[in-house]
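Below is one structure, written out as structure tokens; comments come after it.
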Amino acid sequence: MNYTKSLLLLIIASIWMFSCEQDEKPETYYDKFHPGEIWKDNNGVHINAHGGGVLPHKDTYYWYGEHKIEGIEGNFAQVGVHCYSSKDLYNWKDEGIALEVIKDDPNHDITKGCIIERPKVVYNKKTNRFVMFFHFEYKDRWYESSRAGVAISDTPTGPFTFVKSYRPNAGVWPQNVMEQHKDLTNRAEKSYYRGGPGSLPAHADSVNMLGSHYDVGQMARDQTVFVDDDGKAYHIYSSESNSTIHISLLSDDYLSESGVFYRIFPNSYHEAPALFKHNQTYYMLSSGCTAWEPNEARLSSAPNIFGPWTEIGNPAVGYNKKLDLGPEKTFGGQSTFVLPNPRSKRCFYCHV
Ligand code: DGJ
């Protein structure tokens, strides 16, 4: 074969390969966000990742969230935690189920039908591992277990291996404990939170919720993990029957609590904490406690992660035309994660 012929063949082969790549373009392509509309993945399927969080890692974003199914069973984990990847935050590739519920062992913590909510994944540089935290509830016990779940993986897309579920900070007092909490004769007999606006426990502040759970570990419902610039990670969870937020420093491997934690916003009923940092100030987006009913978003800030925290108010503006809902109901959503835009210091993406 002479030189001209082989060059021609090479050109034809390149054109053919290029057109094949073109054929593989995703079902759906976005060049901007479309608020209020169904967001599809690369296969044209509705993205299924509720209560999600985004991990930027190398040149890719990973979105983890609860895979929900329709119907009455939908609140309980039937499938697990779904993962998607993206290069631009608009177009998401389905990476499958990163943490699967266990289908053949009814005694396993994450057996099908348990509750897995608000999964968040962080990367630990020291161990080179991806660590997933989530709100975990044992099957058939509704929200009374109030635990944290932990799973790990060597790769961002998983599969993640379940490590444990636990109540944080058993046998440890917070740094800002009050003397009244150490009175263990004043214990709550039960967790008061039943969900729904009518059940907000006005009387919970008269009961020693913190001391009640000193031995077994603190209640942890809505939760998130925040990694600071120095690599230290913090576990932030709605505790004490949702009345008070705890901010707890994690161990260096991010797999357990370090024993250092603070109570913030005592008896103020925050759920849905999402932390971010801007110009050396810490911000927390959260909500009130009205079960599955939307309410007003709440923004707070602090010069140090452990406080003092100050509530600023509702940062939401705008209107959801489809649902006819405005900022007083956070457009029908609830905070779950805030992603600072790596390309702009003034832009933050908020997942609700
Ligand atoms: C509100 C929380 O933010 C959700 O994650 C969920 O736990 C519901 N409460 C349950 O009522």
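Points to keep in mind about this one:
- Tabulated pairs, region 64-91, first free of Cβ contacts under 8 Å to residues at least 40 places away in the same chain and among the polar types (S, T, N, Q), second in a loop (DSSP other than H, G, I, E, B) and open to solvent by 30 Å² or more (accessible area, probe 1.4 Å), C-beta under 9 angstrom, 6+ apart or interchain: 78/67; 78/68; 78/69; 78/112
- Residue that is modelled with the lowest pLDDT [pool: residues in region 317-344 that are under 22 Å from the mean Cα position of the chain (by Cα) and more than 16 Å from the ligand (Cβ to nearest atom)]: 342
- Hey, residue 27 open to solvent by 70 Å² or more (accessible area, probe 1.4 Å), over 14 Å from residue 95 (Cβ atoms), away from the ligand (no atom under 16 Å from the Cβ) and at pLDDT below 95 or not: yes
- Summed over region 155-179, residues that are touching a residue at least 24 places away in the same chain (Cβ under 8 Å), farther than 18 Å from residue 217 by Cα and surrounded by fewer than 24 Cβ atoms within 10 Å (Cβ to Cβ) total 5.
- Residues satisfying the stated conditions in region 111-154, i.e. β-branched (Val, Ile, Thr) and either surrounded by fewer than 14 Cβ atoms within 10 Å (Cβ to Cβ) or within 16 Å of the ligand (Cβ to nearest atom) (or both): 115, 116
- Out of 36, 44, one residue alone is part of a loop (DSSP other than H, G, I, E, B), away from the ligand (no atom under 16 Å from the Cβ) and more than 22 Å from residue 320 (Cα to Cα). It is 44.
- Test set (1) open to solvent by less than 40 Å² (accessible area, probe 1.4 Å); (2) within 28 Å of residue 326 (Cα to Cα); (3) in contact (Cβ under 8 Å) with a residue 60 or more places away in the chain - residue 255 fails condition number: (2)
- Selection within region 70-87: residues that are at pLDDT below 95 and farther than 19 Å from residue 222 by Cβ. The member of this set that is most open to solvent (accessible area, probe 1.4 Å) is 70.
- Filtering region 90-110 to residues that are open to solvent by less than 10 Å² (accessible area, probe 1.4 Å) and in a strand (DSSP E or B) leaves 98, 99.
- Whichever residue in region 120-163 is of a type in the set (D, E, K, R) and in contact with a Lys or Arg (Cβ under 9 Å, 6 or more places away or on another chain) and, among such residues, is modelled with the lowest pLDDT: 144
- Test result for residue 291, small (Gly, Ala, Ser), within 16 Å of the ligand (Cβ to nearest atom), surrounded by fewer than 19 Cβ atoms within 10 Å (Cβ to Cβ) and within 25 Å of residue 165 (Cα to Cα): yes
- Among the residues of region 108-136, just one is aromatic (Phe, Trp, Tyr) and over 13 Å from residue 255 (Cα atoms), namely 136.
The values are calculated or read from the model by the stated rules, or taken from the named source; none is laboratory data. All values reported here derive from a predicted model rather than from experimental measurement. Neighbour counts run over all protein chains shown; Cβ positions are idealised from the backbone, glycine included. These area figures cover heavy atoms from the full protein model, side chains too; ligands, DNA and RNA do not enter into them. Shrake-Rupley method; radii C 1.70, N 1.55, O 1.52, S 1.80 Å.
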